[in-house]
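K.L.:
Dropping the structure in here first, questions after.
The values are calculated or read from the model by the stated rules, or taken from the named source; none is laboratory data. Note that the structure is predicted; figures quoted are calculated from it, not measured. Here the Cβ positions follow ideal geometry from the backbone for every residue, glycine too, while neighbour counts run over all protein chains shown. The accessibility values were calculated without ligands, DNA or RNA, using every heavy atom of the protein model including side chains. Shrake-Rupley method; radii C 1.70, N 1.55, O 1.52, S 1.80 Å.
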Amino acid sequence: MNVLGIETSCDETAAAIVCDADTGGGTILSNVVLSQLDDHRPFGGVVPEIAARAHLDHLDSIIARALDDADMTLDAIDGVAATAGPGLIGGVHVGSMTAKAIASARGLPFIAVNHLEAHALTARLTNGVAFPYLLLLVSGGHCQLLAVTGLGAYELLGTTIDDAIGEAFDKTAKLLGLGFPGGPAVQDAALQGDARRFDLPRPLKGRAGCDFSFSGLKTAVRQTALKIEGTASDQDIRDLAASFQAAVCDTVADRCRNAFKMFAETCGTAPPALVAAGGVAANLALRDTLERTCTKNDIELVVPPPALCTDNAAMVAWAGLERLRAGITSPLDFRPRPRWPLAELRATE
Ligand code: KG4
Ligand code: ZN
C-alpha cells in the first residue's frame with residue numbers, strides 16, 4: 001500500500017510517500033521537506049499569513065518531487081493523507097484542500113490526519129513499535145505524556161500547565177540572542193556551556209502526577225540574563241543555555257518516572273517502551289537523559305531520527321496508511337480543525 005502524505009500545519013511544506021513493510025513498520029519511498037525558515041527569520045517567529053502563502057506557492061512542486069523521488073506516478077498511490085489540524089489554519093487548509101483535490105480527481109480515499117497522531121505513530125513507522133506504549137510528546141505547541149493503547153486511543157496522563165516545551169526553548173533562545181529557531185540554537189550553545197554554572201529551578205520536580213510547567217524556569221532564565229546583561233560574555237550565554245537545557249532534562253526525567261507508575265495503574269502493565277516524539281525529541285541532551293532514565297527502569301526507549309522528529313510528511317503518510325489499513329477514511333467535506341487534542345481523537349473519525 002502506497003500513501004501520499006502532505007504536511008503544511010506550520011512552517012514546513014512537505015510531501016512524502018510511504019508504504020508498509022513486511023517487518024511491521026514502514027518504508028519511506030520519498031520524503032521532501034521545504035523549510036520556510038528564511039521567510040520567517042526577519043520576524044523572529046512564524047508569521048501565519050506568510051506561511052500559508054508559501055505553502056500555496058510550493059506545495060504542487062513538492063508533491064511532484066516526492067512522486068519523482070519515489071519513481072512513481074499518482075497511478076501507484078492508494079490513498080492521500082494530509083494534516084487536517086491542529087496547526088496554523090491557513091496552511092492546514094492549503095494542505096487538506098490539495099489532498100482532497102487529488103483524491104477526488106483520482107477517485108482515491110482521503111485521510112484527514114491529526115498532526116499529533118502523526119508524531120505519535122512515527123516510532124511505529126521507523127521501529128515497528130507495538131501498542132501499548134508510553135508517549136512523550138514534546139513539540140513547539142505541546143508537552144504531554146500519554147498512554148497509547150491503539151490507533152486513535154490516547155489517554156492523557158500529564159500535560160503542561162503553562163508553556164509548551166518547544167516554546168520554552170524558543171523563548172530562551174530569543175532572550176539569549178541565539179536566534180531562530182530556538183531549539184537547535186540552544187542545543188548548539190549548550191554544547192560548550194557549563195550546565196552547573198547557574199542554579200535554575202526544576203518546576204514540579206518531586207510532586208505527584210506528571211504535569212509539566214515551564215513558565216517559572218523561563219522567568220528564572222530572564223532574571224539571570226538581566227543580572228549579567230551588559231557584561232555577559234559568549235561563555236556566560238553558553239553556560240546559561242546549558243543550565244536551562246539541564247533543568248529541562250531533569251524535569252522531564254522526573255515527570256517520566258511518575259508516568260511509568262501512572263501507565264502501570266492505567267494499563268495494568270509497566271510500559272514496554274517509552275516513545276519520544278515531536279520537534280524537541282530531536283534534542284540530543286534530552287535523548288541522553290531519557291536513555292538513562294529508561295535503562296534504570298528497564299524500559300525500552302524509542303526515539304525516531306531527528307529529521308523524523310521535526311515536522312515532515314512521512315509521518316503524515318504513515319498515520320494515513322495506518323488508518324487506511326484499518327478501514328478508516330475521511331469524507332471530502334472534513335473540516336480542518338485548528339485545535340484538535342490527541343486525547344479527543346477516536347479511531348473512527
Ligand atoms: O514538532 P515540531 O517540528 O513542530 C510542532 O509541531 O510544533 O516542533 C518544533 C519545536 C520548536 O519549538 C523547535 O525549537 C523545537 O521543536 N526543536 C528543538 C530541537 N529541534 C527542534 N528543541 C530542542 N532541541 C532541538 N534540537
Ligand atoms: Zn509537529
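K.L.:
How are the alpha carbon pair distances in the chain distributed across 10 Å bins from zero to the largest one, expressed in percent?
P.N.:
All Cα pairs, binned at 10 Å, distribute as 6, 26, 32, 24, 10, 2, 0 percent.
K.L.:
On the Cα set of the stretch 131-306, report Rg and Dmax in Å, please.
P.N.:
Cα only, the stretch 131-306: 16.2, 55 Å (Rg, Dmax).
K.L.:
Where is the GNM fluctuation largest for the chain (alpha-carbon springs, 10 angstrom cutoff): 98, 23, 269?
P.N.:
23
K.L.:
Compute the projected area of the convex hull of the Cα atoms of the stretch 63-112, averaged over all viewing directions, and report it in nm² to one decimal place.
P.N.:
For the Cα atoms of the stretch 63-112, the hull's average projected area reads 3.5 nm².
K.L.:
Using Cα positions and a limit of under 18 Å, work out the aspartates and glutamates in reach of residue 100, with same-chain residues fewer than 8 apart set aside.
P.N.:
Partners within reach: 7, 57, 60, 75, 78, 333, 349.
K.L.:
Here is a further query. Give me the distance between the Cα centres of the stretch 293-311 and the stretch 234-279, rounded to whole Å.
P.N.:
Rounded to whole Å, the Cα centres lie 11 Å apart.
K.L.:
Continuing with the same structure: Taking the chain as the reference, fit the longest principal axis to its C-alpha atoms, fit the long axis of helix 48-69 to the helix C-alpha atoms, and give the angle between the two in degrees, 0 to 90, nearest 10.
P.N.:
Orientation of helix 48-69: about 60 degrees from the principal axis.
K.L.:
Moving on. Consider a paramagnetic label point 7 Å from the Cα of residue 149 along Cα→Cβ; state which residues of the stretch 325-344 have an amide N under 16 Å from it.
P.N.:
Label zone hits: 343-344.
K.L.:
Using a 1.4 Å probe on the protein heavy atoms, what percent of the accessible area of the stretch 131-306 belongs to carbon and sulfur?
P.N.:
Whole-percent figure for carbon plus sulfur exposure: 50.
K.L.:
Any idea what angle helix 115-127 forms with the longest principal axis of the chain, computed on alpha-carbon atoms, 0 to 90 degrees, nearest 10?
P.N.:
Computed tilt is about 90 degrees.
K.L.:
Going by alpha carbons, how many degrees (0 to 90, nearest 10) lie between the helix axis of 165-175 and the longest principal axis of the chain?
P.N.:
Compared with the principal axis, the helix lies near 60 degrees.
K.L.:
Which listed residue (4, 149, 42) has the Cα farthest towards the positive end of the charge dipole for the stretch 1-153, taking +1 on Lys and Arg C-beta and -1 on Asp and Glu C-beta about the Cα centre?
P.N.:
Farthest towards the positive end: 149.
K.L.:
So what is the 222 nm mean residue ellipticity for the chain from helices alone, if each DSSP H run of at least 4 adds -39500 (n - 2.57) and you divide by all residues, rounding to the nearest 500 deg cm²/dmol?
P.N.:
-14000 deg cm²/dmol
K.L.:
About its Cα centre, what dipole magnitude does the stretch 131-306 give when the only charges are +1 on Lys and Arg Cβ and -1 on Asp and Glu Cβ, stated in debye to the nearest 20?
P.N.:
Value, rounded to 20: 260 debye.
K.L.:
Count of lysine pairs in the stretch 131-306 with Cα atoms under 29 Å apart, counting only pairs 8 or more residues apart in sequence or on different chains?
P.N.:
13
K.L.:
Can you pull the Kirkwood radius for the stretch 1-103, inverse mean 1/r over Cα pairs, to one decimal in Å?
P.N.:
13.9 Å is the Kirkwood radius here.
K.L.:
Given a 1.4 Å probe and every protein chain left where it sits, what share in percent of the accessible area of the stretch 1-119 is carbon and sulfur?
P.N.:
C and S fraction of accessible area: 52 percent.
K.L.:
I've got another one for you. What is the spin-label model distance, in nm, from residue 57 to residue 300 if the labels are put 7 Å beyond Cα along the C-beta direction?
P.N.:
Distance between label points: 4.4 nm.
K.L.:
Further, regarding this structure: Can you work out the FRET efficiency for the pair residue 229 and residue 192, with r the C-beta to C-beta distance and R0 = 30 Å, to the nearest 0.05?
P.N.:
Calculated transfer efficiency: 0.90.
K.L.:
At 1.4 Å probe size, with every protein chain present, just tell me what the per residue accessible area of the stretch 131-306 comes to in Å².
P.N.:
Accessible area per residue, the stretch 131-306: 42 Å².
K.L.:
Can you give me the P(r) profile for the stretch 214-349? Cα pairs, bins 10 angstrom wide beginning at 0, each as a whole percent.
P.N.:
9, 26, 31, 22, 9, 3, 0
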